[in-house]
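No lab work stands behind these numbers, since they all come straight from the coordinates. Everything numeric in this text was worked out from a predicted model, so none of it was measured. All Cβ positions, even for glycine, are placed from backbone atoms using ideal geometry, and neighbour counts span all protein chains on display.
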Amino acid sequence: MKILNKNIFFIILIIGYLSACTAPPEKTYLGTASLRIVNAVPERYNLTFFINDTSKTPIALNFSDSLAYQNVNAGTSLIYTKASGNTVNRSDLTFLFLPKENYTVFIAGKISKDSLSYISFKDSLNNPTQGKAKVRFINTSYNSSSLDALFSNRTTDSVYNYGNIGFRAGSNYLEFRPGSYYIKIKQTGGKTVLVNKTAIDIKAGKIYTLWAKGLIKGTTNFNLDVGILNDN
């Protein structure tokens, strides 16, 4: 009788262990998210972006091209990229789209170096303070370790308000009054101005993403520059 009880106890332990090791069911998400796709790969490839084997780029994207926001199903999805019709090596990964969130995904890195990567951000589309605009800065420049950016409408300003933004990183949104602005970019800790872009007009109530694109000392078509995205 004691042996039987021991066997029953042992079986219960095994069942309990197996139950504990069973993976919990994957959470189901309902609804949709919004997605904007940007080609930040500084090479001559036409890129198409796929979610669960469905193309989300009806027109292939050249370098610095972007698409408007589109709805995608919320939940965990498989994403990958094709370059000129061929699936990019190691470009597939799972991505969780949360319902009612807005995302920008930059396809970045260098395909020729087998180093394609995704830079994703949740976009805050809440209205700025009345009478102001919101602006953030994102670094997608593959060969820049870290960048500083000065965004201003006063030529006397010298303090870089976006500092130490590494590759694949971005700042929070900052608020500015409407007007015509310029942006200067240098490597963090450096003195040489790599980009000096002027006549950037921002309007009250609008939200903008400034993104460093291209390469430091790149060729003419892929030299470091600043792109501007309208978030709303």
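Summary of values
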item: Of all DSSP beta bridges in the range 87-218, antiparallel share, percent nearest 5; result: 80
item: Bridge type composition, the chain - antiparallel percent by DSSP, nearest 5; result: 80
item: Neighbour-count ranking [beta-carbon atoms within 10 angstrom, fewest first] of 98, 67, 47; result: 98, 67, 47
item: Gyration tensor over alpha-carbon atoms, the chain, equivalent ellipsoid semi-axes in Å; result: 44, 22, 19
item: Label point distance in nm, residue 65-residue 52, each placed 7 Å from Cα along Cα→Cβ; result: 2.5
item: Bins of 10 Å from zero: percent of alpha-carbon pairs in the range 25-123; result: 16, 52, 26, 5, 0
item: Computed E for residue 199/residue 174 - FRET, C-beta separation, R0 25 angstrom, nearest 0.05; result: 0.80
item: The range 126-232: radius of gyration over Cα atoms, expressed as a fraction of 2.2 N^0.38 Å; result: 1.02
item: Cα-centred dipole magnitude for the chain, charges only on beta-carbon of K, R (+1) and D, E (-1), debye, nearest 20; result: 360
item: Efficiency of FRET from Cβ geometry, residue 86 and residue 220, R₀ 22 Å, rounded to 0.05; result: 0.25
item: Gain upon complete extension [residue 29, residue 115; 0.36 nm per residue less C-alpha separation]; result: 27.9 nm
item: Burial ranking of peptide ranges 81-90, 100-109 (average Cβ count within 10 Å, highest at the top); result: 100-109, 81-90
item: The range 118-180: trypsin sites (Lys or Arg not before Pro) in DSSP coil with no more than 10 other Cβ atoms inside 10 Å; result: 154
item: Shape category assigned to the range 65-201 from the gyration tensor of Cα positions, a/c cut at 1.5; result: oblate
item: Degrees separating the helix 2-21 axis from the principal Cα axis of the chain, which is the longest one; result: 20
item: Cα-based shape type of the range 87-144, given that a ≥ b ≥ c are square roots of the gyration tensor eigenvalues and the cut on a/c is 1.5; result: oblate
